[in-house]
Structures are given as structure tokens and as C-alpha cells.
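To start, the structure under review is shown below, and the notes come after it.
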Amino acid sequence: MADYPTNTEPTIDIRSTRNDDIEQIQQIYADAVLHTTASFELIPPDTEEMLHRFQDVVAHGHPHLVACQNDNVLGYCYASAFKSRPGYRHTVECSVYVHNDMRRQGVAVRLLESLINQCRQRQVHRMIAVIGDVANTASIRLHEKLDFTHAGVLTEVGFKFDRWIDVVLMERVLSPV
């Protein structure tokens, strides 16, 4: 009998976030807050605050997803209201964060693809990405890969790590609502 190679790598699953994922999500986000310009927060929120944020996203009918390998959360993403006024109800803002050790391994692509599909099912017309720092080429390329187009740059609207930071705006049409 021939020996066939076996895939010993655990499968990455994309699923809806659960309350018991929040501690790992908080750790991923805390790393982003402390070491990147992906977030303009300066002090990482605690687990209780992250749980509140998750529950708020879901309460407003938006998807919140995690990429998992076994019991390990590798990354997460979610959609949230772009603006609170009713005329914006068909537009969402997306957010994607991946564990530092898992960046550039396709986790963000899988998460964002799943988020796009779930938002389409919810009749979302347009998705907006607000990317901290024009130097955040990984995030810009991720969104370009998934057919987001550049919508503009807001110059020096954030201040972190003792410097002014621009914000890149990108958008993607999801459905013809």
C-alpha cells in the first residue's frame, strides 16, 4: 500500500465569535494598540470592554467573526455601522485584526472574505475600510486584493507614537441595494 502524505496542520475555521473568545480577542487587539497604528487607541481596553464592544456589534445585527485553529483565536473581524444616521444603514465599516504570529499567512484574507459574504446576505451595499497609516501596506494590499478601491486619504488626523498619522479610506460595493 502506498504512503500518502497527510496534512498534519489543523484546519483554520471561520465562525461567529462567542463570548469565550473575547479574552483571546482582547490580547490580539492589545498587541495592535501597543505596537501598531492599526488602532488609534493608546491604552488597550480590558476584556470587559471588549465583551461590551462585541455585544454591541452583534446587537446591531452586524457580523463578528473569528479565525480559529483548535481552540486558538488567530484573528477576528467585524462590521459596524459606518455612521449612526438611518440614511447610512446600508453602509458598514470593517475591522480586521490578526495575531502577530499569524500575520501574512492568509488569515486576514479568509476573515475579510467571510465578512464580505455575511454582509452581502444582510443587504449591505457598501463596505468602508478606515486604515490607520499610509505606511500600513499590508492592510492596504489586503483590501486591494479583495477589490476595495481607494477613496482618499485624511492627512494627519491621528497622533500616536510621537508622530502625526494619516488615514487611508477604501471602499467596496457589495450589492446593488
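The values are calculated or read from the model by the stated rules, or taken from the named source; none is laboratory data. The structure displayed is predicted, hence computed values, not measured ones. Every residue, glycine among them, receives a Cβ derived from its backbone with ideal geometry; neighbour counts consider all protein chains shown.
Please pick out the residue among D166, D101, D162, D133 that is closer than 19 Å to A38 by Cα, among the acidic types (D, E) and surrounded by 20 or more Cβ atoms within 10 Å (Cβ to Cβ).
Answer to the check: D133.
Looking at segment 89-98, which of the residues that are β-branched (V, I, T) and under 22 Å from V173 (Cα atoms) is surrounded by the most Cβ atoms within 10 Å (Cβ to Cβ)?
V92
Note down all Cβ pairs under 7 Å where the first residue falls in segment 78-101 and is over 15 Å from M127 (Cα atoms), the second is in a strand (DSSP E or B) and not basic (K, R), and they're at least six residues apart or on different chains.
What qualifies is Y97/G75; Y97/Y76; V98/L74; V98/G75; H99/L74; H99/G75.
Considering each of V134, V153, V173 in turn, give the residue that is modelled with pLDDT under 95 and over 27 Å from M50 (Cβ atoms). Before the answer, list the steps.
Numbers: V153 fails: modelled with pLDDT under 95; V173 fails: modelled with pLDDT under 95.
Only one candidate qualifies: V134.
Which ones in segment 92-116 are part of a helix (DSSP H, G or I), under 14 Å from A138 (Cβ atoms) and under 9 Å from the mean Cα position of the chain (by Cα)?
A108, L111, L112 - these are the residues of segment 92-116 that are part of a helix (DSSP H, G or I), under 14 Å from A138 (Cβ atoms) and under 9 Å from the mean Cα position of the chain (by Cα).
Answer yes or no as to whether H64 is within 25 Å of Q123 (Cα to Cα), without any contact (Cβ under 8 Å) to a residue 24 or more places away in the chain, touching a strand residue (DSSP E or B) at 6+ places or on another chain (Cβ under 7 Å) and not small (G, A, S).
no
Scan segment 100-108 and tell me whether some residue there is closer than 23 Å to V167 by Cβ, small (G, A, S) and in contact with a Pro (Cβ under 6 Å, 6 or more places away or on another chain).
No, segment 100-108 has no match at all.
Enumerate the pairs (first residue in segment 43-57 and under 16 Å from C77 (Cβ atoms) and without any contact (Cβ under 8 Å) to a residue 60 or more places away in the chain; second residue anywhere and acidic (D, E) and surrounded by 14 or more Cβ atoms within 10 Å (Cβ to Cβ)) with beta-carbon separation below 9 Å, excluding pairs fewer than 6 apart on the same chain, so at least 6 apart or on different chains.
Between residues of segment 43-57 that are under 16 Å from C77 (Cβ atoms) and without any contact (Cβ under 8 Å) to a residue 60 or more places away in the chain and residues that are acidic (D, E) and surrounded by 14 or more Cβ atoms within 10 Å (Cβ to Cβ), the close pairs are F54/D21.
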